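J.: Structure below; questions to follow.
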Amino acid sequence: MHLKPSPRAISLYYFGIFAVLGVYLPLFPSWLEGRGARGLAMGAIAATLPAMGLVAPPVFGLIADALGVRVWLIRAACAGALAVFALLALSSALDVSLGFGGLFAAALAFAFFRAPMFSMADVVALEASLTSGIAYGRLRLWGSISFALMAIVSGALIDPARPAAFPVAITAALLVAFAVSWALPAGAEAPLQRLGKRGGAEGAEGAARAAAAGGSVRERAGALLRSRDFRLFLAASFLAQSANSSYDLCYTLHLRDVGFPEPLVGVAWAVGVAGEIALMAFSGPLLQRFAPPVALAAAFAGASLRWALLSQVRFWPALLALQPLHAVSFAMMWVASLAYTRDRAPPQILATAQGLFSASAGAGSVIGMLTWGELYKRGGGALTFGVASITAAIAFVLAVTFARSTRRSVSGSSIFSAGSQCQE
């Protein structure tokens, strides 16, 4: 018997892991500075997170599909990340200096374990959405809510100058995430086990059908990568995420340089997150009406428009009014990408396909982070977001191309629709 997935547990897990990021991303650089890691050393340590996001997701995806595991991989990853930060908290409390080597090793280990914590959560949420009828966006939005809340709370309550405060806060958040992971639906995590049981019942005929359906995980993944539309999808994801990273790195700098009121900078970020949450809440009806490639093309077009406007607008109320476009440039892009991945990949390699998408987006983020800072130094927001707009426009062209080249009908309604279970 397979355990029914618990949407509440998945939402709580998203809340827990994004609470970790809500503390980690805003405070980690300041904490590193207090430990003596500055300049190139700080950059090298901070770069471990996106760099490991490039390598780890496809590796863990292959492992997950080959072994038929999802939730157990999440639990192991949470335990590993928890152990890393517990040791950091202990060493900080004892005032043990780790030096660059120790800090880099700790950051690399955390980045390694973090990858399956997030990528496998999306796989579990997608599979749970299919059987529960709960839209993926309604599960994932709790992560966005958690990130926004924790970024505000941690900024007000945690002093990164205190050596142990930051790692203790991260350890506490990871402990919550690890505890919640035990409520995730482990009984529904193994598609290959289900195939094996079905094959055992059907005998040689079932085995022959499984072989005809595509063979091993590696063979299925190779076939997916050889398909033109999926390669175009990965290329578009790379470009779109590269453009999106200009916002992560340079948006606050741009607001400062155009005279945006400093007390309202946090409000501007919050408005963007609010738009993201709203779209994820209503992503089910959206993807009932529009196929994922169409929604992706619209997201990339909206992102290109957003970056173009951001490069030209100087009137601060207008800049604030542009922030709801974050719902299109990020939230729509994310949910449509996962819908496309889920519909395009055979279910036996869903984790692998999700890992390939995550790696492509991660590569775009790494390249973007290495590019936008230099562009901003040379030409400010006008040059940075202007180039980002062109990059997103190229992603739009690729999205239109792979939408036309996708032979089968791709629809996200079976995964993202709140009423999908009834339809089936």
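The values are calculated or read from the model by the stated rules, or taken from the named source; none is laboratory data. Owing to the predicted nature of the structure, the values given are computational and were not obtained by experimental measurement. Don't worry about glycine lacking a Cβ; one is built from the backbone with ideal geometry, like all the others, and counts go over all protein chains shown. What goes into the accessible areas is simple: the full protein's heavy atoms, side chains included, and nothing from ligands, DNA or RNA. Shrake-Rupley method; radii C 1.70, N 1.55, O 1.52, S 1.80 Å.
J.: Suppose a student asked you for the relative contact order of the chain, using Cα pairs under 8 Å spaced at least 6 residues apart; what percent would you report?
T.: Here the relative contact order equals 29 percent.
J.: If you don't mind, there's one more thing I want to ask. Nearest 0.05, what FRET efficiency do Trp316 and Phe100 give at R0 = 35 Å with Cβ-Cβ as r?
T.: According to the calculation, E is roughly 0.30.
J.: Principal axis extents for segment 223-363, Cα atoms only, whole Å, descending order, please.
T.: Reported extents, whole Å, longest axis first: 52, 30, 21.
J.: Could I ask something else about it? Quote the FRET efficiency, to the nearest 0.05, computed for Glu374 versus Arg228 with a Förster distance R0 of 45 Å and r equal to the Cβ-Cβ distance.
T.: Working: r = 34 Å, r/R0 = 0.74.
Computed FRET efficiency for Glu374 and Arg228: 0.85.
J.: Also, I was wondering about something else. Please give the length that would be gained between Leu67 and Ala79 if that part of the chain were fully extended, namely 0.36 nm times their separation in residues minus their C-alpha to C-alpha distance (nm, one decimal).
T.: Between Leu67 and Ala79, full extension yields 2.4 nm more.
J.: Can you give the FRET efficiency to the nearest 0.05 for Trp182 and Asp257, using r as the Cβ-Cβ distance and R₀ = 35 Å?
T.: 0.15
J.: So how far, in whole Å, is the C-alpha centre of segment 68-142 from the one of segment 336-365?
T.: The two parts, judged by their Cα centres, are 19 Å apart.
J.: Rule-of-thumb check for segment 93-153: C-alpha Rg over 2.2 N^0.38 Å?
T.: So segment 93-153 has a normalised radius of gyration of 1.63.
J.: Just the C-alpha atoms of segment 315-375: what Rg/Rh do they give, with Rh taken as the Kirkwood radius?
T.: 1.14
J.: In nm, to one decimal, how far is the Ser216 label point from the Ser30 one, both placed 7 Å along Cα→Cβ?
T.: Placing both labels 7 Å along Cα→Cβ, they lie 5.1 nm apart.
J.: In addition: Take the solvent-accessible surface of the protein heavy atoms, probe 1.4 Å, and return the percent of it on the chain that carbon and sulfur atoms account for. If you can, show how the numbers build up before the last one.
T.: On the way: 12220 of 17840 Å².
Percent of accessible area from carbon and sulfur atoms in the chain: 69.
J.: If you don't mind, another one. When the C-alpha atoms of the chain are aligned to their principal axes, what extent does each axis show, in angstrom, from largest down?
T.: Reported extents, whole Å, longest axis first: 67, 51, 34.
J.: Moving to a separate point now. With θ taken as phi - 60° and the coefficients 6.51, -1.76 and 1.60, list the Karplus ³J(HN,Hα) couplings across segment 353-363 in order, rounded to whole Hz; mark glycine and proline as x.
T.: Values per residue, Gly and Pro as x: 4, 5, x, 5, 4, 4, 5, 5, 5, x, 5 Hz.
J.: Report the gain in length on full extension from Ala164 to Val267: 0.36 nm times residue separation, minus Cα-Cα distance, nm rounded to one decimal. Intermediate results must be reported in sequence, preceding the final value.
T.: Values: separation 103, 0.36 × 103 = 37.08 nm, distance 2.90 nm.
In short, 34.2 nm is gained.
J.: Next question, about the same structure. Return the sequence-ordered ³J(HN,Hα) values of segment 149-160 in whole Hz as given by the Karplus equation 6.51 cos²θ - 1.76 cosθ + 1.60 applied to θ = phi - 60°, using x for Gly and Pro.
T.: Here the 3J(HN,Hα) series is 5, 6, 4, 5, 5, 5, x, 7, 10, 9, 9, x Hz.
J.: Rank by packing, highest mean first: peptides 308-319, 22-33, 65-76, with packing defined as the count of other Cβ atoms within 10 Å averaged across residues.
T.: Details: 308-319: 15.5, 22-33: 19.5, 65-76: 21.5.
Ranking the peptides 308-319, 22-33, 65-76 by packing returns 65-76, 22-33, 308-319.
J.: Can you work out the Karplus-derived ³J(HN,Hα) for every residue in segment 298-307? Use 6.51 cos²θ - 1.76 cosθ + 1.60 with θ = phi - 60°, whole Hz, and x for glycine or proline.
T.: Each residue's phi maps through the Karplus curve to give 5, 5, 5, 5, x, 5, 4, 5, 4, 5 Hz.
J.: What whole-number value in Å² describes the accessible area per residue of the chain for a 1.4 Å probe?
T.: I get 42 Å² per residue for the chain.
J.: So, one more: Please report the Cα spread of segment 38-93 along all three principal axes, rounded to whole Å, starting with the longest.
T.: For segment 38-93, the Cα extents along the three principal axes come out at 42, 26, 9 Å.
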